[in-house]
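Participant: I'd like to ask some things about the structure below.
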Amino acid sequence: MNSLSPDRQIILFMAAVVILVTAIHPTASWYLTLFLLALYVSVYWLTRTWHDRAFYLVCFGALLVVTCGAASIWEELIVAWMVGGSSAIAMGMTVSRNDLPALLALGSCTLAVALMIYLSNHVLLPLFVLSALTAGIAAVLAIRDYQFRKQCSGARV
Amino acid sequence: MRPRRCTQGLVLITLLLSACAFILDDLAVLLAAAVLVCGLVGLYIHFDRKFRAVVASVEVKRSSERSQVRKGTTLQVATTVTVSVPPGMKVRIQENLSPVLLVQDGVTSLTAEPSPSPVTQKMLYRITPAVHGEFVFSGISLFASDPFFEDDIILSAERFSGPGIFVQPTGLFEPAAHRVTAETREIEKMSVLSGFGIRSLREYYAGDDMRRIDWKQSAKHNKIFVREYMGVMNLPPLLIVDLPWRGEGVPGRDFDRMVAAVAGLAEYSVKTYQYVSVLLISGPNILHFIGEEKDLERCMTTLRKWMHPVERATHLYRMPDRSDLRAEIRQIDGLLSEERDPDEARFLTHLRRSYQTGLQEQRVLAFTGQVIRTISPLTIEEIYLFTLGSGDISHIRQIVRQAQTMKIRMHIRLPAQRDPAWCGSAKGALRADTLEAFA
């Protein structure tokens, strides 16, 4: 018997998770969730040979994630991880043991963000915090990049 | 660091989700946008780490054929680059060459694919310094990309740059040299015509010419010995190939025909005269000289290596020769003696003064000196010059003049139906012995 490839495994796992989440917390739009799941799987199948596959997957994956978020923030986060993982595998970003700390860091960040959103009543404050954090990280990376380029051009740091 | 098309699309989705979250005040939409932001930042950091690892793994070893050259001389440079490329990444490396070093041919960039172990590749190219002075190879440019981001960096630190080359200047003018011509060449073979050199001695046979008896050897060995003199044969022609300038665009079928004609004549020369000499020029730049090459295969290999449009380090810009200027002055003198209109006479006087100044300042061109130095040691009777005949032909005029001075017959071969300037009076102007089409 042929074993399933990693991308098919994660798609099946994701489908199981989404169906389970929909079953545990049924919403008024449960049929929409299942429809978007089917759509995502179809897009995953159809865009096998397309160049910028990640874009199409994220487009349709975002819709699925938002629909799942109608039930609970935590269920939405789990589905978002699933969509992210399947998109990463689809783009050929194979995961090794060396990537584990980075993945854990990314998971922790999204978890922290989800917690912040969960504790917020409105969008404005978490949106502001997110924007400020992104701008800060971009500034730090820009400074690091400048120093790196200076070093490579032979200048004494 | 630049986002690629896919990442630009993802950023757009993130912005749309954020805007929707803000307008609808929906936390679920905000979480989707926040997860995307986290993902994009993660991808950015991941690419940055890989990019730094690639740069850290780069090792460059560069060597040039010579460290001191004269301006306009072509030299070969070999650069070995070792780089390790992580999975999912593509790396392109390019030599950062000074604009004054003209690349004649070869490879100045390479692409490295992902590999578990470091990959070593070699770039081999030839450059011609167009300006004198001291130059240091200033390193490489590295371009890396993955499906989400791309970035490039100039690596000019000490470990990526060097060595230096010192380019010596060449003057525009220099004094000309003189030469003595010979018409024939002695070979160690029997021939109808005999030369002055002695090829061998043999015993006398009845009927041998008595004048050929070597009396000293005959007296020494008590036998009659006769001298066998060296054979004499005609001299092979010198082939001069004027390669087109790269700036004139892609050469057409005429160039292919010229290559075929040169190869054919070179082959004929080797088979008939045992050797061939080929001088490769491009405008007033001497590129390479194949001197008395006896190996046909080696000759053809060298021709294959050079027969393509090249970059010209110097141009003559249709510079008139001293004799041209003198002719112009003589013509003006003739016109001045007949001229009655004072305005035209003033103009002609001014023109004559300009020509006179040019004549006083002009010396023998460096190119002419190089041609003389190259041709002088050769014993040749004929020169075949192959050219496409496009653009400036001042350098051809210089070669023809020197050939005439040395009493060498000059045959110019150029494409059929060339510019009207070449037809009719051109032969007379250039004073070539023959002017024929090679195809």
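Participant: In whole angstrom, how far apart do the alpha carbon centroids of the stretch B:228-273 and the stretch B:58-125 sit?
Facilitator: 33
Participant: If the chain between A:Leu34 and A:Arg48 were fully stretched, how many nm would it gain, using 0.36 nm times the residue separation less the Cα-Cα distance?
Facilitator: Working it through step by step, the gained length comes to 2.9 nm.
Participant: As a footprinting exposure proxy, order B:Leu43, B:Leu16 by other Cβ within 10 Å, with the fewest listed first.
Facilitator: The most exposed by this proxy come first: B:Leu16, B:Leu43.
Participant: Where does each of A:Val140, B:Val241, A:Val129 land when they are ranked from fewest to most other beta-carbon atoms within 10 angstrom?
Facilitator: A:Val140, A:Val129, B:Val241
Participant: Please identify the trypsin sites (Lys or Arg not before Pro) of the stretch B:270-341 that satisfy two criteria: DSSP loop assignment and at most 14 other Cβ atoms within 10 Å. Which are they?
Facilitator: Sparse-neighbourhood loop trypsin sites (Lys or Arg not before Pro): B:Lys294, B:Arg318, B:Arg340.
Participant: What would the Debye formula give as log10 I(q)/I(0) at q = 0.08, 0.09 Å⁻¹ for the alpha-carbon point model of chain A, no solvent?
Facilitator: Values returned for q = 0.08, 0.09 Å⁻¹ are -0.32, -0.40.
Participant: Can you tally the net charge around B:Gln217? Count Lys and Arg as +1, Asp and Glu as -1, for every other residue whose Cβ sits under 13 Å from the Cβ of B:Gln217.
Facilitator: +3
Participant: Please compute, for the alpha-carbon atoms of chain B, the extent along each of the three principal axes and give them in descending order in Å.
Facilitator: The principal-axis extents, from largest down, are 121, 84, 40 Å.
Participant: Looking at chain B only, what percent of DSSP beta bridges run antiparallel? Nearest 5 please.
Facilitator: Antiparallel bridges: around 70 percent, rounded to the nearest 5.
Participant: Which FRET efficiency, nearest 0.05, do B:Ile45 and B:Gln94 yield, Cβ-Cβ r, R0 25 Å?
Facilitator: Efficiency computed from Cβ-Cβ geometry: 0.40.
Participant: Now, a different point. Based on alpha-carbon centroids, what's the gap between the stretch A:68-117 and the stretch B:1-25 in Å, whole number please?
Facilitator: 18
Participant: Still on this structure, I have one more. With axes computed from alpha carbons, what is the tilt in degrees of helix A:53-68 against the longest principal axis of chain A, rounded to the nearest 10 within 0 to 90?
Facilitator: 60
Participant: Something else about it: Could you work out, residue by residue across B:8-19, how many beta carbons of other chains sit within 10 Å of that residue's beta carbon, and then give the average as an integer?
Facilitator: For this peptide, the per-residue mean of nearby foreign Cβ atoms is 3.
Participant: Additional query: What longest range of chain B stays clear of loop-exposed chymotrypsin sites (Phe, Trp or Tyr not before Pro) (DSSP non-H/G/I/E/B, at most 12 other C-beta within 10 angstrom)?
Facilitator: Looking at chain B, B:1-204 is the longest stretch - no exposed chymotrypsin sites (Phe, Trp or Tyr not before Pro) with at most 12 other Cβ atoms within 10 Å.
Participant: Could you give the spread of the C-alpha atoms of the protein assembly as shown along their three principal axes, from largest to smallest, in whole angstroms?
Facilitator: Rounded to whole Å, the extents work out to 126, 86, 50 Å.
Participant: Within a 10 angstrom radius of the beta carbon, how do B:Ile153, B:Ile281 rank from fewest other beta carbons to most?
Facilitator: B:Ile153, B:Ile281
Participant: Next question. Starting from the Cα of B:Ile23, step 7 Å along the direction of its Cβ; do the same at B:Glu339; then give the gap between the two resulting points in nm.
Facilitator: For B:Ile23 paired with B:Glu339, the spin-label model returns 8.2 nm.
Participant: Taking chain B as the reference, fit the longest principal axis to its C-alpha atoms, fit the long axis of helix B:366-375 to the helix C-alpha atoms, and give the angle between the two in degrees, 0 to 90, nearest 10.
Facilitator: Helix B:366-375 sits at roughly 50 degrees to that axis.
Participant: Using alpha-carbon positions, what is the distance between the centroids of the stretch A:37-55 and the stretch B:310-363, in Å?
Facilitator: Here the two parts' Cα centres lie 76 Å apart.
Participant: Further question on the same structure: Using only Cα atoms and rounding to the nearest 10 degrees, what angle (0 to 90) does helix B:5-24 make with the longest principal axis of chain B?
Facilitator: Compared with the principal axis, the helix lies near 20 degrees.
Participant: Only four residue types carry charge here, +1 at the Cβ of Lys and Arg and -1 at the Cβ of Asp and Glu. Report the dipole size of chain B about the Cα centre in Debye, rounded to the nearest 20.
Facilitator: 1280
Participant: To continue, here is another question. Would you tell me the mean number of C-beta atoms belonging to other protein chains that fall within 10 Å of each C-beta in A:104-117, as a whole number?
Facilitator: If you average over the peptide's residues, the count of other-chain Cβ atoms is 4.
Participant: Going toward the positive end of the dipole of chain B, with +1 on Lys and Arg Cβ and -1 on Asp and Glu Cβ, which of B:Thr170, B:Thr314, B:Cys38 do you reach last?
Facilitator: It is B:Thr170, whose Cα lies furthest towards the positive end.
Participant: Evaluate peptide B:38-50: per residue, the Cβ atoms of other protein chains within 10 Å of its Cβ; return the mean as an integer.
Facilitator: Average per residue, whole number: 5.
Participant: Using amide H atoms built 1.01 Å from N in the peptide plane, name the residues 5+ places from B:Leu287, or on other chains, whose amide H lies under 5 Å from its own.
Facilitator: B:Leu280, B:Ile281, B:Ser282
Participant: Something else about it: Tally Lys and Arg at +1 and Asp and Glu at -1 over the other residues with C-beta under 13 Å from the C-beta of B:Ala56: what net charge comes out?
Facilitator: The answer is +2.
Participant: Continuing with this model, one more query. Considering amide H positions built from the backbone, and no H for Pro or chain starts, which residues 5 or more places from B:Gly197, or on another chain, come under 5 Å of its amide H?
Facilitator: Here the answer is B:Met230, since their amide H atoms fall under 5 Å of that of B:Gly197.
Coordinate-derived values only; no laboratory data. Note that the coordinates shown come from a computational prediction; the quantities given were computed from them, not determined experimentally. All Cβ positions, even for glycine, are placed from backbone atoms using ideal geometry, and neighbour counts span all protein chains on display.
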